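Below: the structure, in structure tokens.
The values are calculated or read from the model by the stated rules, or taken from the named source; none is laboratory data. None of these values were measured; they are calculated from a predicted model. With ideal geometry, Cβ positions are generated from the backbone for all residues, glycine too; neighbour counts draw on all protein chains shown.
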């Protein structure tokens, strides 16, 4: 048992690292979600009857515009870029039904701020000679997620490797039709006027759909104190569009433009692969380094794919650090974008000329910090083979 202790501690810390929220870093609107239920401090390695409460904070600032994988650097040079500031706090509670099966509930609290020129007076020097920038906001709860995770192998006998499968349900508790004030110039005299309408899809609090998530996670020890991990997540949203108006239909609106009349309820996905290393196992300190890919597909797996969306994906390097002591755990991860691609949407693909290709603003990095607290259940230190917190009983 003493020989296995460093690995047990490393594995427990490794699981903490996955208690992060899922967000695309910019206008590619991935909804706030807790990380895959299996490899997260919210839901894994809970003994029968044990509870865990967690809080995860995430921040990013998106401002770099991409069309395909080419950055439109002139947007920054001309000061016409869109800037999104995103803050969220995800609160979660998990319960161990057995030593292999756990359930969890997570609810994000979100604050978005978006500044732009084009949504108000416009980007052109003629329409907006003073380059006036205005803000829109969205604040409130996001979409509630209920999930369950099951370990395929008995954690008590499979200490060096395991695989977990998860199933989740996303409920549309977040407002998908947040409204705010937009500044427009009157055509008569150029004076300022206010129009109230839906904010951009990237800062809506929810998407209005019931989603189903499928998850797969795995880990294996590859050397002393070193653990290789994989984490995959796909959220299917069968609903095609919600009721949030993106474009007012008029007699002159083309069939292609009608595709984006309402906001799309899009699928989303995340995949992570990396290495976790226990630097000081006895002190509960570990480092991790991985690759993370997340995005929105142009077409959904189930159901139609019409509506306004900005499909695309980000590939990031994801370094992190974690610390675990007693009942409590802390983690900090900072994914840094290596590759960004705003792919063509359904409406772009419908253009017979092949020239249509919308853009999206992406962030350079995001900051993710999480804390967890476990209580109840059995003394996990007395359960050989289960990667757990030590002394986490009441």
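In segment 76-98, which residue that is buried (at least 19 other Cβ atoms within 10 Å of the Cβ) and more than 23 Å from the chain's Cα centre (by Cα) is nearest to residue 151 (Cα to Cα)?
Step by step, filter segment 76-98, then rank; the result is 96.
Condition check ((1) at pLDDT 95 or above; (2) assigned to a loop (DSSP other than H, G, I, E, B); (3) within 23 Å of residue 199 (Cα to Cα)) across all residues:
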{"position": "317", "(1), (2), (3)": "yes, no, no"}
{"position": "324", "(1), (2), (3)": "no, no, no"}
{"position": "363", "(1), (2), (3)": "yes, no, yes"}
{"position": "373", "(1), (2), (3)": "no, no, no"}
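Please work out which one of (1) out of contact with any strand residue (DSSP E or B) (no Cβ under 9 Å at 6 or more places or on another chain); (2) buried (at least 17 other Cβ atoms within 10 Å of the Cβ) is the condition residue 187 fails and give its number.
Checking residue 187 against (1) out of contact with any strand residue (DSSP E or B) (no Cβ under 9 Å at 6 or more places or on another chain); (2) buried (at least 17 other Cβ atoms within 10 Å of the Cβ), the one that fails is (2).
Need the failing condition index for residue 144 against (1) touching a residue at least 40 places away in the same chain (Cβ under 8 Å); (2) within 26 Å of the chain's Cα centre (by Cα); (3) within 30 Å of residue 98 (Cβ to Cβ), just the number.
(1)
What about residue 182, is it more than 30 Å from residue 95 (Cα to Cα), touching a residue at least 60 places away in the same chain (Cβ under 8 Å) and either surrounded by fewer than 20 Cβ atoms within 10 Å (Cβ to Cβ) or out of contact with any strand residue (DSSP E or B) (no Cβ under 8 Å at 6 or more places or on another chain) (or both)? Before the answer, list the steps.
Numbers: more than 30 Å from residue 95 (Cα to Cα): yes; touching a residue at least 60 places away in the same chain (Cβ under 8 Å): yes; either surrounded by fewer than 20 Cβ atoms within 10 Å (Cβ to Cβ) or out of contact with any strand residue (DSSP E or B) (no Cβ under 8 Å at 6 or more places or on another chain) (or both): yes.
Yes: the conditions hold for residue 182.
Show me the strands (runs of 3 or more DSSP E) entirely contained within segment 120-208 in which 1 or more residues are in contact with a helix residue (DSSP H, G or I) (Cβ under 6 Å, 6 or more places away or on another chain) and either modelled with pLDDT of 95 or more or closer than 26 Å to residue 81 by Cβ (or both). Walk me through it before giving the result.
Details: elements: 134-141, 144-151, 161-171, 179-185, 192-198.
Once the strands (runs of 3 or more DSSP E) in segment 120-208 are filtered for at least 1 residues that are in contact with a helix residue (DSSP H, G or I) (Cβ under 6 Å, 6 or more places away or on another chain) and either modelled with pLDDT of 95 or more or closer than 26 Å to residue 81 by Cβ (or both), what remains is 134-141.
Could you grab me the full set of residues in segment 317-352 that are under 23 Å from residue 246 (Cα atoms), surrounded by fewer than 18 Cβ atoms within 10 Å (Cβ to Cβ) and out of contact with any helix residue (DSSP H, G or I) (no Cβ under 6 Å at 6 or more places or on another chain)?
349, 351, 352
For segment 207-233: of the residues being under 11 Å from residue 266 (Cα atoms) and either touching a residue at least 60 places away in the same chain (Cβ under 8 Å) or out of contact with any strand residue (DSSP E or B) (no Cβ under 9 Å at 6 or more places or on another chain) (or both), which is surrounded by the fewest Cβ atoms within 10 Å (Cβ to Cβ)?
The qualifying residue surrounded by the fewest Cβ atoms within 10 Å (Cβ to Cβ) is 211.
Do we find that residue 259 is surrounded by 20 or more Cβ atoms within 10 Å (Cβ to Cβ), over 20 Å from the mean Cα position of the chain (by Cα) and farther than 24 Å from residue 111 by Cα in this structure? Let's see the steps before the verdict.
Working: surrounded by 20 or more Cβ atoms within 10 Å (Cβ to Cβ): yes; over 20 Å from the mean Cα position of the chain (by Cα): yes; farther than 24 Å from residue 111 by Cα: yes.
When the stated conditions are applied, residue 259 passes them.
Among the residues of segment 263-287, write down those that are crowded, with 22+ Cβ neighbours inside 10 Å and either part of a strand (DSSP E or B) or modelled with pLDDT of 95 or more (or both).
263, 264, 265, 266, 267, 268, 270, 272, 276, 278, 286, listed by residue number.
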